[in-house]
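Shown next, in structure tokens, is the structure this report addresses.
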Amino acid sequence: MKQTVAEKVVANHLAHGKMVAGEEIALKIDHTLTQDSTGTLAYLEFEAMGVPKVKTELSLSFVDHNMLQNDFRNADDHRYLQGVAAKYGIVFSRPGNGICHQLYLERFAKPGATLLGSDSHTPTAGGMGMIAIGAGGLDVAAAMAGEPFYLEMPSITGIKLTGKLAPFVSAKDVILQILRQLTVKGGVNKILEYTGSGVKTLSVPERGTITNMGTETGATTSIFPSDESTQAFLRAQGREEQWCELGADEGAKYAETLDVDLGKVEPLIALPHSPDNVKAVSELEGTPVDQVCIGSCTNSSLRDLKIVSALLKGKKVSENTSLTVSAGSRQAMQNLAASGELEVLIASGARILENACGPCIGIGQAPTSEGVSLRTFNRNFKGRSGTQDAKVYLVSPETAVAAALTGKITDPRKLDKIPQISMPEKFVLSDAMFIYPSAKSAVAKVVMGPNIKPLPTFQPLPSKLTGGVLLKTGDNVSTDDILPGGSEIMSLRSNIPEISKYTFIHTDKTFACRALEKGGDFIVGGENYGQGSSREHAALAPKFLGVKAIIAKSFARIHMANLVNFGILPLTFVDKKDYEKIAQGDVLDLDVRELTEHLCVKNLTKGTSVEVNLSLTELEKSIVKAGGKLAAIKAKQK
């Protein structure tokens, strides 16, 4: 049977089920990664499983999110993460080493392998020909314990690339073009597989930009073939022996196809407040810009920073605009320094930030009130920058530089002739910031600071759920809306009782208090509820507050899995018009003795009822009944 690239990798790792779209499958996971924002909780969950060592081929713990150490809390978390890594056989990436996805692509990604990461942008590694999937921390902890990863077999969309990118147009513009066509929910339960003659014109870092931001379509993951470009990248990283060729068979079938002529792509920009609100840069020219931020796991590779340096050479940043640059890895920064390109950035007036996520997750560089900020990042949800009324636009590095130099949104094609950049045949390599597990480190003590609290335990699902509607939301509610980022809140990621107080804080400041008073109850949502990051806190915090079920028009994939993992019923309206029949404050009643596919929700306030779907597998139903995945795993081990 002729297979696509994705099918070949899935077939080699299939632990359960058949490769039929919509069917439940389980994948053997080769590698896992965590970052500190999700990692503390993931490792608390892993420790609770009682497994003496990780059972994966490779597991990595990165510190790249909660870097701001205003007090002891983040520092304590980092110490805990390092101790856990040593004890359980995990590679630890120290603070300042760089962003997990960039580092993983450079030093660990290899064609044909599987990766599960507790960060939604884990699909970045698909640029190396991997099946790389973002998931909640509990799923990653289970994978480290040797459990396969269960998911719905996605359909595979073939995106055929032809032609070659024009000057001043880059990979970021390609994925913005795809987002404009697919929208933020057009990729749900799909794998986006890139094919066609245009693939060979893109380097691995450019492919990584595209697969990284494929997450914003809702896709399970994205993948490129492994070819000569992949081999060249691995050779430059001193890892050529890990290369293997991996391509789709001639005549392989795709569920659907999308054609993109790279030569016709123009500089694009995503307007506030959604990554799919895309227009041509030329349509917005002249808009004053207060801030430009270059970096994030989407656009912080050496390739991106080289073009930024080349465009800034001999020029100064506009006096009314702030420009920040954050490299994705210490390796990228070392290579810039070795070539003299870092000096160009400094001389231009750019502010050089630490090799970390930083502004992308609201850690520093919040824009001015009502400020316009152009960012090479992947998300521009309202308030994510740290300033609620800021207007954040998503752009390529080329468009970002054009704005930084002119102080306004400018089509980068109006700059001077595009400079030629060359990538090194051999990167300056340094793995000094990685700590590898050893027999000596395995006896290291795991220290839990006072902000690290034990995991809450939850009771099995009762036979009947009765309560009021605590909150009714609109469409595309993100995990940032449910539980925001930023330095104040993210420092509480290992303290569920405290972080739960911030649930829906920017939507309804009374939510947490009301939820605790009432013992939980229900939430009603619109389309694509829970889009965005993999943060399982957006499910765990509502569960801690007592939320029993969420009824929505549709759910984002990772968030729905997280709801199941923590024992919250994810229900969808059979008829989406019934969304209008339930109001905030209505008292609902739901019999869940039998978790059948169709359930009836009684509205005791209005004397009406609505039909809802419970689209869960038998395994997922058993997890919900047990009170969550951790309880189910513990019961299995008895």
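The values are calculated or read from the model by the stated rules, or taken from the named source; none is laboratory data. A quick note: this is a predicted structure, and the numbers were derived from the prediction, not measured. Quick reminder, even Gly has a Cβ in these numbers, built from the backbone with ideal geometry, and neighbours come from all protein chains shown.
Here is the figure for region 159-216: residues that are among the charged types (D, E, K, R) and within 30 Å of ASP416 (Cβ to Cβ) total 7.
Checking SER203 against (1) in contact (Cβ under 8 Å) with a residue 40 or more places away in the chain; (2) surrounded by fewer than 22 Cβ atoms within 10 Å (Cβ to Cβ); (3) over 20 Å from GLY295 (Cα atoms), which test does it fail? Every listed condition holds for SER203 apart from (3). Scanning region 439-454 for residues that are in a helix (DSSP H, G or I) and surrounded by 16 or more Cβ atoms within 10 Å (Cβ to Cβ) gives a single hit, SER441.
For region 1-107, list the strands (runs of 3 or more DSSP E) that sit wholly inside it and hold at least 2 residues that are closer than 30 Å to ALA255 by Cα and not acidic (Asp, Glu); which are they? First the steps, then the outcome.
Working: elements: 14-16, 24-27, 31-35, 58-62, 91-93.
Passing ranges, in order: 14-16, 24-27, 31-35.
Considering every residue within region 35-54, establish whether at least one is at negative phi, touching a strand residue (DSSP E or B) at 6+ places or on another chain (Cβ under 6 Å) and surrounded by fewer than 19 Cβ atoms within 10 Å (Cβ to Cβ).
There is no residue in region 35-54 that is at negative phi, touching a strand residue (DSSP E or B) at 6+ places or on another chain (Cβ under 6 Å) and surrounded by fewer than 19 Cβ atoms within 10 Å (Cβ to Cβ).
Going by what's in this entry, would LYS625 be described as within 27 Å of ASN189 (Cα to Cα), surrounded by fewer than 18 Cβ atoms within 10 Å (Cβ to Cβ) and under 32 Å from the mean Cα position of the chain (by Cα)? Yes, satisfied. When the test is whether a residue is in contact with a strand residue (DSSP E or B) (Cβ under 7 Å, 6 or more places away or on another chain), closer than 22 Å to LEU176 by Cβ and surrounded by fewer than 24 Cβ atoms within 10 Å (Cβ to Cβ), LYS382 does not pass it. For SER170, only one of the following conditions fails: (1) buried (at least 19 other Cβ atoms within 10 Å of the Cβ); (2) over 18 Å from HIS101 (Cβ atoms); (3) more than 20 Å from the chain's Cα centre (by Cα). What is its number? Of the numbered conditions (1) buried (at least 19 other Cβ atoms within 10 Å of the Cβ); (2) over 18 Å from HIS101 (Cβ atoms); (3) more than 20 Å from the chain's Cα centre (by Cα), the odd one out for SER170 is (2).
If we keep just the residues of region 506-542 that are over 25 Å from the mean Cα position of the chain (by Cα) and of a type in the set (Lys, Arg), which is farthest from ILE482 (Cα to Cα)? If we take residues in region 506-542 being over 25 Å from the mean Cα position of the chain (by Cα) and of a type in the set (Lys, Arg), then LYS518 is farthest from ILE482 (Cα to Cα).
Taken over region 71-91, residues that are surrounded by 24 or more Cβ atoms within 10 Å (Cβ to Cβ) and closer than 29 Å to LEU302 by Cα amount to 4.
Listed by first and then second residue, the pairs linking a residue in region 316-344 that is more than 14 Å from ARG303 (Cβ to Cβ) and free of Cβ contacts under 8 Å to residues at least 12 places away in the same chain to a residue that is of a type in the set (A, V, I, L, M, F, W, C) and surrounded by fewer than 18 Cβ atoms within 10 Å (Cβ to Cβ), with Cβ atoms under 9 Å apart and 6 or more places separating them unless they lie on different chains, are ALA337/VAL428; GLU343/ALA337. With respect to (1) part of a strand (DSSP E or B); (2) surrounded by fewer than 24 Cβ atoms within 10 Å (Cβ to Cβ), the lone exception for SER282 is condition (1). Only one of the numbered conditions (1) free of Cβ contacts under 8 Å to residues at least 60 places away in the same chain; (2) within 21 Å of LEU138 (Cβ to Cβ) is violated by GLY474, and that is (2).
When ALA166 is tested against (1) closer than 27 Å to SER309 by Cα; (2) part of a helix (DSSP H, G or I), exactly one condition is not met: (2). Testing THR605 on (1) assigned to a helix (DSSP H, G or I); (2) free of Cβ contacts under 8 Å to residues at least 24 places away in the same chain, one condition comes back false. Which one is that? Unmet for THR605, out of (1) assigned to a helix (DSSP H, G or I); (2) free of Cβ contacts under 8 Å to residues at least 24 places away in the same chain: (1). Of the residues making up region 566-581, just one is among the hydroxyl-bearing types (Ser, Thr, Tyr) and either in contact with a Cys (Cβ under 6 Å, 6 or more places away or on another chain) or within 18 Å of LYS606 (Cβ to Cβ) (or both), namely TYR579.
All of (1) out of contact with any Asp or Glu (no Cβ under 8 Å at 6 or more places or on another chain); (2) within 22 Å of GLY22 (Cβ to Cβ); (3) not hydroxyl-bearing (Ser, Thr, Tyr) hold for ILE156 with one exception: (1).
If you go through region 431-438 one residue at a time, do you hit one that is at pLDDT 90 or above, loosely packed, with under 11 Cβ neighbours inside 10 Å and either outside any loop (DSSP other than H, G, I, E, B) or within 31 Å of the chain's Cα centre (by Cα) (or both)? Yes, the conditions are met somewhere in region 431-438. Selection of region 229-281 for residues being over 26 Å from MET423 (Cβ atoms) and aromatic (Phe, Trp, Tyr) yields only TYR254. Consider ALA236 carefully, then state whether it is more than 30 Å from ARG107 (Cβ to Cβ), buried (at least 17 other Cβ atoms within 10 Å of the Cβ), at pLDDT 95 or above and not assigned by TED's automatic domain parsing to the domain that holds ALA390. The answer is no for ALA236. Evaluating GLY314 against the criteria (1) small (Gly, Ala, Ser); (2) in a loop (DSSP other than H, G, I, E, B); (3) crowded, with 20+ Cβ neighbours inside 10 Å leaves one unmet condition, (3). Residues in region 135-163 that are part of a loop (DSSP other than H, G, I, E, B), under 19 Å from the mean Cα position of the chain (by Cα) and among the charged types (D, E, K, R): there are none.
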